[in-house]
Amino acid sequence: MNIKYIYIILVSFIFLNELNEEQIDKIKELTNDIDLAKNFTLNSVKKDSLYTLSDMKDKVVLINFWATWCGPCRMEIPDFNDLYSKYNAKGLNILGLSISDTKKQLDNFLKVYEIDYPVLYGKQDIIDKIIVDYGGVYSIPTTFLIGKNNRIKRIYPGAILKEYDPNMYSDLVFNIELLLSE
């Protein structure tokens, strides 16, 4: 049977038959946690302490997937430092999650680049699992904005640069302020 006819039958079924209460409840149950950020625990380079996402459920969290070898990732750092400085005391945490660097590589990187927010790392199999848990981060930088109660509110693929893409940067700032006010 042609895929076009299958699609027509499926669409007709959906629009011609109303869902009953039980079906609606089942759909709600299955999709209840679709926007929930998956928990993880990783080490921080500077303080060598552990960060667990679920411990930050009362905060707004920006998770930036990045790597030291990524040029656009490096370009984001000053803008993220500014955001961290401005909003951290108000409840924003920024976590730079390195997708491929070792602690030694990150230590060396931090001798040259100043990063004010926590830079996280872990064993590659753990990082790979986190990447899969977040839908497969196919390119870096990719940034997730997570509201209180660990709900993903926005995903920003690509570099967020105030100078080069003021619209995306403004969107990020607007959403941070909105989430902090909730």
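Estimated purely from DSSP H runs of n ≥ 4, each contributing -39500 (n - 2.57), the mean residue ellipticity at 222 nm for the chain is -13500 deg cm²/dmol once divided by its residues. Counting only protein heavy atoms and using a 1.4 Å probe, what share of the accessible area of the chain belongs to carbon plus sulfur, as a whole percent? Within the chain, the accessible surface is 55 percent carbon and sulfur.
Computed on the stretch 76-182, with alpha-carbon pairs under 8 angstrom and 6+ residues apart, the relative contact order is 23 percent. The translational diffusion coefficient of the chain, from Stokes-Einstein at 10 °C and 1.306 mPa s with a Kirkwood hydrodynamic radius over alpha carbon pairs, comes to 87 µm²/s.
When DSSP beta bridges are restricted to pairs lying wholly in the chain, around 65% turn out antiparallel. Please label the shape of the stretch 126-167 as rounded, prolate or oblate, based on the square roots a ≥ b ≥ c of the eigenvalues of the alpha-carbon gyration tensor (a/c under 1.5 means rounded; beyond that, a/b larger than b/c means prolate, else oblate). Oblate. The mean accessible area for residues of the chain, using a 1.4 Å probe and ignoring ligands and nucleic acids, is 61 Å² per residue.
Looking at the stretch 100-182, the trypsin sites (Lys or Arg not before Pro) that sit in a DSSP loop and have at most 14 other Cβ atoms within 10 Å of their own Cβ are LYS123.
The values are calculated or read from the model by the stated rules, or taken from the named source; none is laboratory data. If you're wondering where the values come from, they're calculated on a predicted model, not measured in any experiment. We place every Cβ from the backbone using ideal geometry, glycine too, and count neighbours over all the protein chains shown. We work out accessible area using only protein heavy atoms, side chains counted, and drop any ligands, DNA or RNA first. Shrake-Rupley method; radii C 1.70, N 1.55, O 1.52, S 1.80 Å.
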